[in-house]
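Enquirer: Here it is: the structure, laid out below.
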Amino acid sequence: MADRVTVIGWDGSPLTEAARSALGAATLVAGAAHHLALPEVPPAAERIRLGSVALAARRIAGHRGTAVVLADGDPGFFGVVRTLRAPEYGLEVEVVPAVSAVAAAFARAGMPWDDARIVVAHGRTLRRAVNVCRAHPKVAVLTSPGAGPAELALLLEGVHRTFVICEALGTEREQVTVLTSDKVADHVWRDPNVVIVVGGRGSGGEPAADRGGWLAGHEPDFPSAVRGWALPAAEYTGRDPSAGAGEGRDSAQLRAAQLARLGPRPGDLLWDVGAGSGAVAVEAARFGAAVLAVERDASACARTTAAARRFGVQLQVVHGTAPRALEALPEPDVVRVGGGGARTVAACADRRPERIVTHAATRDEAEAVGRVLSEAGYAVECALLQAVELDTRVWAERQRSVVFLLSGSRM
């Protein structure tokens, strides 16, 4: 086992005294090609080109001497420290940090970043990174080859955002470019790069970044937002009496059960098909999911947009009738069908989301929807929900609703 392992972060600036001292005593140095070319690397030290960190960790664990690992930015922030500290290698690690690429990118842009979401995009996580960019007004994306600015912009088609693209930070080739998302795919970008994706507005109409917060990685609190989940429909319609009887088709209790089965989370894309007042769409967005709210009624679309603004969340409203309106939409992770029946449920199942949740007014309708889900390869659950609203002044029944809740989980 190596006698000592020092991980040195490098951001392009001169090495600190502590970093030079550790590097000067090293008998093994691991890093990228530009790290190994630094003049401070001892000529007699064994050199490892850092590709797989796990392979390098095994080599270091078997080395007798003093090892140094060089990494760009802050190696403890989405960096090599996590792998090197894995129990199977048994390494004791000291860290000499540097400015992270994310901090440097926001500094170049002159922007605060305590309210930013930070994601890593590679082949397996690109979709989820894009969904975070859909759902939040400020996101820093640590990219990789094949999952860079152009790919992000192409998958964000239809969502207006501004990209701040920081290429080769800390080197002589450093360049910072600001473009709207529709122009990004027209360029070729150099690796490595960090992309800041900004856009959308907070509640009250002001840019979310202009208001201070208290919890890193989250937008500031929205004073107008009501505490709690599965709120009464009036909270989403703005208590507008012109919202119409159709807005009452889903009870708050049904929405709570639907959201519990959907489990929307950051990185997910939820389709809310037949969004109505937008209550489910807004609440899913409050959980951090990206949301596409599909609705054929133009006035309901406007109310959904207004509700999203009131609650300070980002979502995209699609005016159209399912199933045709679904054809051009990006692939969903979870789907809630608020209207459209078995035909719309079948169209959603064809896109293979992880979960589909809907409801039916009658047992015959529930059985028809259940058959569609089963034939599409989903495990189906059904529950009969009854909600009774009481007038607490006299403890008399005010309203009763009975509905079949259906949920399908992809097998």
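Enquirer: Return the long-range amide H neighbours of LEU15 (sequence gap of 5 or more, or a different chain), with a cut-off of under 5 Å between placed amide H atoms.
Expert: Residues meeting the amide H criterion: none.
Enquirer: Expressed as a rounded percentage, what relative contact order does segment 1-131 have, with Cα pairs under 8 Å and six or more residues apart?
Expert: Once divided by the residue count of segment 1-131, the mean separation gives 33 percent.
Enquirer: Have a look at the DSSP beta bridges in segment 38-183 and tell me what percent are antiparallel, nearest 5.
Expert: Taking every DSSP beta bridge with both residues in segment 38-183, the antiparallel ones total about 65 percent.
Enquirer: Rg(Cα) of segment 63-144 divided by 2.2 N^0.38 Å?
Expert: 1.33
Enquirer: Same structure again: Under the rule of -39500 (n - 2.57) per DSSP H run of 4 or more residues, summed and divided by the residues of the chain, what mean residue ellipticity at 222 nm is obtained, to the nearest 500 deg cm²/dmol?
Expert: It lands at -7500 deg cm²/dmol.
Enquirer: Next question, about the same structure. What is the Cα coordinate range of segment 117-166 on the first, second and third principal axes, sorted by size from largest, in whole angstrom?
Expert: Each principal axis gives a Cα extent; for segment 117-166 these are 23, 21, 20 Å.
Enquirer: Between VAL188, VAL337, VAL68, which gets the highest mean-square fluctuation from a Gaussian network model of the chain, Cα cutoff 10 Å?
Expert: Evaluated over the chain, the most mobile residue of the options is VAL188.
Enquirer: Pick out which of GLY312, GLY341, GLY148 has the largest mean-square fluctuation in a Gaussian network model of the chain, springs linking Cα atoms closer than 10 Å.
Expert: GLY341
Enquirer: Now, a different point. Rounded, prolate or oblate, given the Cα gyration tensor of segment 109-203, with a/c below 1.5 counting as rounded?
Expert: Rounded, since a/c falls under 1.5.
Enquirer: Can you give the Rg to Rh ratio of segment 32-186, both from alpha-carbon atoms, with Rh computed by the Kirkwood formula?
Expert: Reported Rg/Rh (Cα atoms, Kirkwood Rh): 1.02.
Enquirer: If you don't mind, another one. Based on DSSP, what percent of beta bridges with both residues in the chain are antiparallel, to the nearest 5?
Expert: Antiparallel: roughly 50 percent of the beta bridges in the chain.
Enquirer: Could you grab the Rg to Rh ratio for segment 276-315? Cα atoms only, Kirkwood for Rh.
Expert: 0.92
Enquirer: Which ³J(HN,Hα) values, rounded to whole Hz and listed in residue order, are derived for segment 395-411 from phi using the Karplus coefficients 6.51, -1.76 and 1.60 in 6.51 cos²θ - 1.76 cosθ + 1.60 with θ = phi - 60°, glycine and proline given as x?
Expert: The phi angles translate into 6, 10, 5, 9, 8, 10, 9, 10, 8, 8, 9, 10, 9, x, 10, 4, 8 Hz.
Enquirer: Would you please classify the overall shape of segment 266-369 from the alpha carbon gyration tensor, given that a ≥ b ≥ c denote the square roots of the eigenvalues, rounded means a/c under 1.5, and beyond that prolate means a/b larger than b/c while oblate covers the rest?
Expert: Prolate, because a/c is 1.5 or more and a/b exceeds b/c.
Enquirer: Anyone know which of ALA322, ALA396, ALA147 comes out most mobile in the 10 Å Cα GNM of the chain?
Expert: Checking each option, the largest mean-square fluctuation is seen for ALA396.
Enquirer: Tell me, how many Å apart are the Cα centres for segment 52-105 and for segment 1-29?
Expert: Each part's Cα centre sits 11 Å from the other's.
Every number here is computed from the coordinates shown, using simple stated rules; none is lab data. All of these numbers come straight from a predicted model, not from anything done at the bench.
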